[in-house]
Amino acid sequence: MSASQPPVVVVGGGFAGLVAARELRRRAIPVVVYEAGKQVAGLARTFRDDEGFTYDFGAHFITNRLAAEVGVEAQCRTVRYYGESVLLGGRAHSYPLGLVSSPRFALPAIAGFAAGWRRGREPDSAAAWFRARYGSAFADAVAIPLVEAWSGARAADLAPSVGDKLGSSVGHMLFLKLASRLTGRAIASGYCRERPESVRVWHVYPEGGVATLCEELVRELGDAVRLESPVQAIMVEGGRAVAVRVDGREVEASAVVSTAPVTVLAKLVSGTEALRHLAPFRYRPMVFVNLRFRGRNLLPDVVTWTPESSFPFFRLTEAPVSMPWLAPVDKTMVTADLGCEVGDSIWQMPDEQLGELCVAHLEAVIPGARRRYGGCRAVRTPIAYPVFLNEYEDARRALQQSTGVEGLYSIGRNGEFAHILMEDVYWRTLARMRRLLAELQTCA
């Protein structure tokens, strides 16, 4: 690429945007990152309060492999334990072994799988996928209620590709669980699909929080990152992205890499109708309520799923069980995930009321929860998770291949409209940057 050519413009200074920019700079490609906010990190932000509690935008876990790739492995602590449970009828079932060993779920799952294999039909919805994969008992009691609470949509209206997120087979998950016990490390399971999961890949956590990853990426980028610089438009001419408008001025670009939600990207692009079909895509808003308690090991496990509709939350995470340093001694933090819609009663509820709502229902999970409770802080996001509706599934799959505009790449969890965690974001972003580099070389 000629030095006289304009830079590649990256829209958004979250984790994906910074990974893309660093990769391009390492390949000697001029790049500039425009971030609308006052700081980078996006959904990878870390918060600390005056009482000594540390928490992220939702509970994050990363791996030693990702930490090494970014260059922060020396700043990470090994996570020794991670586990999940499902709460049903007041009883906690470990996942997956406790559920797999239950006759209530195991026998119907075997029968359902055999019947589905004989029929040879592909499921046409997430509901059908879960019933075919796990049997009606597990699907109706656990999987479908959880996916509906998480997505805000009926499982019958969701695409079967929702199941792709589950990844590893039960047998492989059990093997990795056993390896965790033997090694004393929280072996990663179900966190990465782009690279193999094995006993050599385990969870770690940066001493400065997950924002440490973005801070390291920025260190290499220097003045290539422009804060408080919202991109107002992406200009397309002749089917190719050629410039962006920032603060009312036009900036030429050899290519544009966007991390914006696809619904926003559809509005930003001018000069083509190629992305108009992305406008109806939906993201699920979420409120993460971080509750402070006296004591520790209050939940049945690090993550406790609550599929029963009597709970206002569908997931509880007690991260200090895995990472004790996130809370002061003899205290803990429980993060409750509440699905909502922007502007509804949950979204607008003040933090104090959200805390009271959660604590009232936590009494069924944590005896004496109110007595132990020490306040909370809620974090809200309008774009927590992409919702895979059947009505636009074909368009979603097409987006995985291309935006339909030359020189325009859409990356990251929001930009790809994908159910992926940080390590998959990393590998998939690198793959897309390799495609961009090949395109730039062809154009040159």
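The values are calculated or read from the model by the stated rules, or taken from the named source; none is laboratory data. Values in this document were obtained by computation on a predicted structure and should not be read as measured data. Cβ placement follows ideal geometry from the backbone for every residue including glycine, while neighbour counts extend to all protein chains displayed.
Of note:
- Cβ-Cβ under 7 Å pairs, at least 6 apart or on other chains, region 70-85 side closer than 25 Å to L430 by Cα, far side surrounded by 15 or more Cβ atoms within 10 Å (Cβ to Cβ) and among the acidic types (D, E): V70/E216; G71/E216; V72/E216
- R377, sole failed condition from (1) among the basic types (K, R); (2) within 30 Å of G52 (Cα to Cα); (3) outside any strand (DSSP E or B): (3)
- Residue that is modelled with the lowest pLDDT, among those in region 181-218 that are surrounded by 16 or more Cβ atoms within 10 Å (Cβ to Cβ), among the charged types (D, E, K, R) and in a helix (DSSP H, G or I): E215
- Strands (runs of 3 or more DSSP E) within region 245-339 that include 1 or more residues in contact with a Pro (Cβ under 6 Å, 6 or more places away or on another chain), farther than 30 Å from P30 by Cβ and among the β-branched types (V, I, T): 331-339
- When R154 is tested against (1) under 16 Å from the mean Cα position of the chain (by Cα); (2) modelled with pLDDT of 95 or more, only condition (1) is not met.
- Any hit, region 379-396, residues being within 21 Å of V147 (Cβ to Cβ), more than 18 Å from the chain's Cα centre (by Cα) and among the hydrophobic types (A, V, I, L, M, F, W, C): yes
- The single condition among (1) within 30 Å of C76 (Cα to Cα); (2) touching a residue at least 40 places away in the same chain (Cβ under 8 Å); (3) under 24 Å from the mean Cα position of the chain (by Cα) that Y283 does not meet is (1).
- Those residues of region 338-374 which are of a type in the set (V, I, T), closer than 12 Å to F313 by Cβ and over 25 Å from the mean Cα position of the chain (by Cα), in sequence order: V359, V365
- Selected residue (only one of A384, A418 is touching a residue at least 12 places away in the same chain (Cβ under 8 Å), part of a strand (DSSP E or B) and in contact with a Pro (Cβ under 9 Å, 6 or more places away or on another chain)): A384
- Qualifying residue in region 366-373 (condition: at positive phi, exposed (fewer than 14 other Cβ atoms within 10 Å of the Cβ) and not hydroxyl-bearing (S, T, Y)): yes
- Complete set of residues in region 1-29 that are closer than 25 Å to A68 by Cα, in a loop (DSSP other than H, G, I, E, B) and not charged (D, E, K, R): G12, G13, A28, I29
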